[in-house]
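Heads up: the structure comes next, in structure tokens.
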Amino acid sequence: MKKVTAFVGTARKKHTHGAVRQFLDNLESHGGVESEIVALSDFRLGICKGCKVCFEKGEECCPLKDDRDVLIDKIIKSDGVVFASPNYSFQVSAMMKIFLDRLGFAFHRPRFFGKTFTSIVAQGIYGGGKIVKYLDFVGMGLGFNTVRGTCFTAFEPMTEKEKQKMDGALASQSRRFYNQLGKPAYPTPTMLKLMAFRMGRTSIRLELDYRSSDYGYYKDKGWFESDYFYPARLGPLKKVAGSLFDSVQTRKTRNRKG
Ligand SMILES: Cc1cc2nc3c(=O)[nH]c(=O)nc-3n(C[C@H](O)[C@H](O)[C@H](O)COP(=O)(O)O)c2cc1C
């Protein structure tokens with residue numbers, strides 16, 4: 001049985017919530033999936049003050065005492081995750097953004113490898129496509145295997161045509177998500193992901209204090225020596241590209257430092 005958890009960034013049980021329910025019902029109808037909807041509004045989340053203690057000393061030193069770790073634990077216990085938000089002023093809702101900021105340290109120290117991710121955005125008129133791209137990028141940055149998300153238009157009252165379009169998009173998204181759940185959890189990285197890892201780890205190695213939490217995390221995981229975040233068989237082209245990304249970033253960092 002695979003567990004899929006959807007984190008919803010609105011307290012209003014309307015279009016975003018309804019689309020998430022529909023997506024999860026579709027998913028469960030394929031079999032072998034159990035789901036949970038987590039309304040972020042039911043949890044206490046503090047607003048990040050930007051002290052960067054989490055980056056430097058570790059997330060356990062964060063001065064905010066809230067439900068961040070309860071929510072992270074829900075991600076850890078899931079095989080698949082959905083981030084869903086309405087489009088508010090051409091971005092995710094403030095509630096979703098507060099949640100993402102609380103996960104800020106995990107972009108520096110990614111951890112959700114092997115898990116499937118997607119996004120759902122409800123909009124009134126315009127701008128939701130970019131929010132889907134943003135959330136999917138967030139998913140990739142956190143380490144997830146990302147399945148392209150969906151934006152749908154819910155100008156009220158929703159027309160029959162809009163409803164059909166949304167139903168089709170959610171059905172196809174749930175099929176893609178379901179297929180991804182059944183695929184190998186640790187795929188060979190794409191060139192883009194390989195580049196992000198190799199250049200990122202090189203700048204952490206050269207730029208950060210060895211006592212910082214980010215540096216220690218990479219060291220403990222063996223990421224300064226590994227080909228990728230997790231064991232992956234790189235073909236000859238990606239092996240060469242990986243070394244090239246290492247040296248390009250090394251040169252860039254040395255030039256920057258003068
Ligand atoms: C504060 C606020 C800002 C909004 N900004 C946008 C926007 O920039 N673009 C857009 O297409 N819709 C915008 N909307 C409309 C919502 O995205 C739309 O009504 C959506 O269905 C709300 O999700 P819900 O039904 O789950 O509450 C906004 C709504 C609110 C309340």
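The values are calculated or read from the model by the stated rules, or taken from the named source; none is laboratory data. As the structure is a computational prediction, the values presented were derived from the model and not from experiment. Cβ sites come from the backbone with ideal geometry, for glycine too, and all protein chains shown count toward neighbours. The accessibility values were calculated without ligands, DNA or RNA, using every heavy atom of the protein model including side chains. Shrake-Rupley method; radii C 1.70, N 1.55, O 1.52, S 1.80 Å.
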(request) Quick one: what are the phi-derived ³J(HN,Hα) couplings along the stretch 53-61, Karplus 6.51/-1.76/1.60 with θ = phi - 60°, whole Hz, x for glycine and proline? (result) 4, 5, 5, 8, 10, x, 5, 5, 8
(request) Let me have the relative contact order for the chain, percent, based on Cα pairs under 8 Å that are six or more residues apart. (result) 18 percent
(request) Apply the membrane-span-like helix rule to the chain: whole DSSP H runs, Cα extent along the own long axis of at least 18 Å, mean Kyte-Doolittle hydropathy at least -0.5. List the helices found. (result) 128-141, 191-207
(message) What's the ranking of 41-51, 20-30, 176-186, 119-129 by average number of surrounding C-beta atoms within 10 Å, highest first?
(response) 119-129, 20-30, 176-186, 41-51
(request) When a/c is below 1.5 the answer is rounded, else prolate if a/b is larger than b/c, else oblate, so apply that to the stretch 180-258 with a ≥ b ≥ c taken from the square roots of the Cα gyration tensor eigenvalues. (result) oblate
(request) Could you state how much accessible area residue 158 has, in square angstrom rounded to the nearest 10, with a 1.4 Å probe and all protein chains kept in place? (result) 50 Å²
